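**Q** My questions all concern the structure below.
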Amino acid sequence: MNRGSRWATGALALPLLHLAPALTAVPAARARFLPGLHGVGRPDRVALTFDDGPDPESTPRFLEVLAAHRVRATFFLLGVMLRRSPDLGRRLVDAGHEVAVHGWEHRNLLLRGPVATVRDLGRATELIAEVTGRTPRFLRPPYGVLTGATLLAARRLRLEPVLWSCWGRDWTPSATGDTVYGTVRAGLSGGGTILLHDSSCTAAPGAWRATLAALPRLLSECRRQGWTVGPLGEHRDPAR
């Protein structure tokens, strides 16, 4: 192979390396081949996770419901939101919840290069640790889209990427408590990870109200099924 051919091959390989991990956004493939990334844990447990906060308008209301049910969860935080409400980030940790990285801004990382991706995730990780006093363990990129640069950044930052096994589609303007509950329940089984949103900062205005309405019913259903609901860390490492 001559030098020109090698250059062309390398030039083609770089975009493929960047884009290939995005295929993990397909739930069926993820569940079959990457159960850890899919959020699969012990069958007697369910991990409860929230994205896009902390939001002073909505997050405190979720904390009230979780406290009433004596349930802890994992909150994937956005750096821009935590910077605006650092006291709320500390309140999450004080209440026993786990904090994790969702990025600095809610931007699709497919559109960002390696340097910008590392900077974005590193900045968010650093702020979370500084504000809450907890070094985050988990990463969930915006839209659940992984890239080669995201995986490189995760390795450098010692973050473990985790997506979800079911969600509530709770960001849409048509979402209601019933639709969120029904959508989650249709995909939920023991060992699964639930994705919900405690903020509507990147969704239809006020969409969080549908999630909040569905949450008590979801928690009651998990209890009825005999599943222990908790944060990802305990879902993955029950001994903790």
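The values are calculated or read from the model by the stated rules, or taken from the named source; none is laboratory data. In this text the structure is predicted, and so the values were computed from the model without any measurement. Positions of Cβ are backbone-derived with ideal geometry, glycine not excepted, and every protein chain shown enters the neighbour counts.
**Q** Since Val99 meets every condition but one in (1) aliphatic (A, V, I, L, M); (2) part of a helix (DSSP H, G or I); (3) within 24 Å of Leu48 (Cα to Cα); (4) touching a Gly at 6+ places or on another chain (Cβ under 8 Å), which condition does it not meet?
**A** Condition (2) is where Val99 drops out.
**Q** Could you please give the count of residues in the stretch 184-211 that are of a type in the set (Val, Ile, Thr), modelled with pLDDT of 95 or more and part of a loop (DSSP other than H, G, I, E, B)?
**A** Residues in the stretch 184-211 being of a type in the set (Val, Ile, Thr), modelled with pLDDT of 95 or more and part of a loop (DSSP other than H, G, I, E, B): 0 in total.
**Q** Of the residues that make up the stretch 130-150, is at least one touching a residue at least 60 places away in the same chain (Cβ under 8 Å), buried (at least 17 other Cβ atoms within 10 Å of the Cβ), among the small types (Gly, Ala, Ser) and assigned to a loop (DSSP other than H, G, I, E, B)?
**A** So far as the stretch 130-150 goes, no, none of its residues is touching a residue at least 60 places away in the same chain (Cβ under 8 Å), buried (at least 17 other Cβ atoms within 10 Å of the Cβ), among the small types (Gly, Ala, Ser) and assigned to a loop (DSSP other than H, G, I, E, B).
**Q** Which number in (1) within 12 Å of the chain's Cα centre (by Cα); (2) surrounded by 19 or more Cβ atoms within 10 Å (Cβ to Cβ); (3) at positive phi marks the one condition that Gly191 misses?
**A** So Gly191 meets the others, but not (1).
**Q** Are there any pairs with C-beta distances below 7 angstrom linking a residue in the stretch 58-82 that is farther than 19 Å from Asp170 by Cα to a residue that is among the β-branched types (Val, Ile, Thr) and not in a helix (DSSP H, G or I), with the two at least 6 apart or on different chains, and if so which?
**A** Cβ pairs passing all conditions: Val71/Val229.
**Q** Go through the residues of the stretch 176-183 one by one and say whether even a single one is outside any strand (DSSP E or B), of a type in the set (Phe, Trp, Tyr) and farther than 15 Å from Ala47 by Cβ.
**A** yes
**Q** Just to be sure I understand, how many residues within the stretch 97-129 are acidic (Asp, Glu), surrounded by fewer than 22 Cβ atoms within 10 Å (Cβ to Cβ) and modelled with pLDDT of 95 or more?
**A** Within the stretch 97-129, residues that are acidic (Asp, Glu), surrounded by fewer than 22 Cβ atoms within 10 Å (Cβ to Cβ) and modelled with pLDDT of 95 or more number 1.
**Q** Of everything in the stretch 154-165, what is outside any loop (DSSP other than H, G, I, E, B) and surrounded by fewer than 20 Cβ atoms within 10 Å (Cβ to Cβ)? Give them in sequence order.
**A** Correct list: Arg155, Arg156, Leu157, Glu160.
**Q** I've got another one for you. Check Arg70 against each of (1) part of a loop (DSSP other than H, G, I, E, B); (2) buried (at least 20 other Cβ atoms within 10 Å of the Cβ) and name the one condition it does not meet.
**A** (2)
**Q** Now a separate question. Kindly evaluate Asp94 against the criterion of being over 19 Å from Arg140 (Cβ atoms), surrounded by fewer than 22 Cβ atoms within 10 Å (Cβ to Cβ), among the acidic types (Asp, Glu) and without any contact (Cβ under 8 Å) to a residue 40 or more places away in the chain.
**A** yes
**Q** Of the residues in the stretch 32-51, how many are closer than 20 Å to Leu218 by Cα and either at pLDDT 95 or above or surrounded by fewer than 20 Cβ atoms within 10 Å (Cβ to Cβ) (or both)?
**A** 10
**Q** A further question follows. Given the structure, is Val229 crowded, with 19+ Cβ neighbours inside 10 Å, assigned to a strand (DSSP E or B), of a type outside the set (Lys, Arg) and under 17 Å from the mean Cα position of the chain (by Cα)?
**A** So Val229 fits the description; yes.
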